[in-house]
Amino acid sequence: MLGALRQLGGGKVLLLGYHRVLPTQTDRHAGDVELISATPEEFEWQMRYLSSHFEPVSFAQIAEALDGRGKLPKRAVAVTFDDGFYDVHAYALPILKRTGMTATVFVATDYVDNGGVFWFDYIAWVLRNVPSASLALPEEIRTLADDKSEAGKQRVSVALLRLLKRYDEQSRSAYVARIRAEFPLPADVSLGRALTWDEIRELSVAGVELGSHTVTHRSLAMLSRSEMQHELNYSRQRLEQETGKPIVSLAYPFGGPTAFNDTVVEVARNAGYRIATSYMPGINTLGAADRFALLRQHVERNTSRSYFEALVNLPEVFR
């Protein structure tokens, strides 16, 4: 076992990034399959493995350790979910309970308030169901649409979503709005919805930690200072209002090196956050970690059990 070969030393904490836990049958999910981090069966295996070899911690505990007011266990791990899809409650929570694990869920509060569909899930649905010749695809990926196979459609979907995530907010919103106007979601199609506030409160009562993923899931570094303040202050206030618990942590939408900057970090500190995580891979050593740029290893739908064991036991290799 890899766990016997190497132990994470004291003062280190491993963060694992998930998005969704779902069965992968197409009749159960018509949106962005790349957001499926694991099936329920694989997620349960992963959580049982972690519960046998690691100690789950919250971001509040990590913040306390960074402040010098507490210590983390020798093999500390934090399981995280971004966005706040309903399946965290439907599929992940029962597994967390059965395995004695917990998690932190970073919620984009506007989607909870409005019950809307995440734009990236909608775009993935369009690319799977609308002939590519009917779409005004950006020039950078237009040639990919020549492949009409299911695999080809998926490649176009991945490429377009990556491209749109690099757009400034105004350009991306305009593009998505134009596609929505041309290809509205049919009434009989149900994409993955966000958690409801009732579900969020149930998660909180069950010991799942809540954190902010902003209000509207926009790239913070592309916003004005006043927009940043709204995204960070209001999301935190809504979560605290609904759960009655302090919100100390933030996950930057998109999470790459261009998703946040010094101004974002300053605004986040002023908004009362004590800790924040990127979506960049790596392991966090508490003495050297940037508390507003923590690193997370990604768990994906094609993560095998042997790869998962290597990922969590030798995280420095996977960067």
Right, residue 207: in contact with a Ser or Thr (Cβ under 8 Å, 6 or more places away or on another chain), not in a loop (DSSP other than H, G, I, E, B) and not charged (D, E, K, R) or not? no
Tell me yes or no: at least one residue of the range 196-212 is assigned by TED's automatic domain parsing to the domain that holds residue 255, of a type outside the set (Lys, Arg) and within 17 Å of residue 120 (Cβ to Cβ). no
How many of the residues in the range 81-96 are surrounded by fewer than 24 Cβ atoms within 10 Å (Cβ to Cβ) and of a type in the set (Val, Ile, Thr)? 1
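Residues that are among the aromatic types (Phe, Trp, Tyr) and within 17 Å of residue 33 (Cβ to Cβ): which helices (runs of 4 or more DSSP H) entirely in the range 105-173 hold 1 or more of them? Spell out how you get there, then give the answer.
Details: elements: 109-114, 119-129, 150-166.
Correct list: 119-129.
Could you pull out every one of the helices (runs of 4 or more DSSP H) wholly within the range 211-319 that has 3 or more residues that are over 27 Å from residue 38 (Cβ atoms), at pLDDT 95 or above and within 18 Å of the chain's Cα centre (by Cα)? Spell out how you get there, then give the answer.
Values: elements: 225-243, 262-270, 305-313.
Answer list for the range 211-319: 225-243.
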Inside the range 254-269, can you point out the residues that are within 15 Å of residue 229 (Cα to Cα) and in contact with a strand residue (DSSP E or B) (Cβ under 8 Å, 6 or more places away or on another chain)? 260, 265, 268
Using the structure shown, decide if residue 196 is more than 18 Å from residue 249 (Cβ to Cβ) and within 16 Å of the chain's Cα centre (by Cα). no
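The values are calculated or read from the model by the stated rules, or taken from the named source; none is laboratory data. Values in this document were obtained by computation on a predicted structure and should not be read as measured data. All Cβ positions, even for glycine, are placed from backbone atoms using ideal geometry, and neighbour counts span all protein chains on display.
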